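Step one of this worksheet: look at the structure below.
The values are calculated or read from the model by the stated rules, or taken from the named source; none is laboratory data. This one's a predicted model, so the numbers in the text were calculated from it and none came from an experiment. Don't worry about glycine lacking a Cβ; one is built from the backbone with ideal geometry, like all the others, and counts go over all protein chains shown. Ligands, DNA and RNA are excluded from the accessible area calculation, which covers all protein heavy atoms including side chains. Shrake-Rupley method; radii C 1.70, N 1.55, O 1.52, S 1.80 Å.
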Amino acid sequence: MSSFDDAVVAAVTGHMNGDHADDNLTIVRAYADPGATSATMTGLDTEAGEWLAVVDGAERTVRVPWLGAVTDRASIRVEVVALYQAACERLGVEPAGH
């Protein structure tokens, strides 16, 4: 597992939690627990994204592997979008217009 610089992780998680909170929940519902009521992105590395999910009133950390290669900051965005779109398809919901 390879990690990203703390500033990169903070920028990505800040953006996801500030601008794409609903997308976080969609990803967690599709890949970790359909009963999740909230999800906050807390980290990432080259293998997966990490979210703090609330399920049945309890917090739990979930890791969702990327669908493709994540090697640099630019590829993080590509893979988050791919993961979100695949999550929408998996759940049978229409992706939000971003």
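Counting protein heavy atoms only, the range 20-59 has 44 percent of its accessible area on carbon and sulfur, 1.4 angstrom probe. Over the C-alpha trace of the chain, radius of gyration and Dmax come out as 12.5, 35 angstrom.
Working from Cα pairs under 8 Å separated by at least six residues, relative contact order for the range 38-98 is 21 percent. Positive contributions from Lys and Arg (+1) and negative ones from Asp and Glu (-1), summed over other residues with Cβ under 14 Å from the Cβ of D56, come out at 0. In this structure the chain gives 56 Å² per residue of accessible area when probed at 1.4 Å with all protein chains present.
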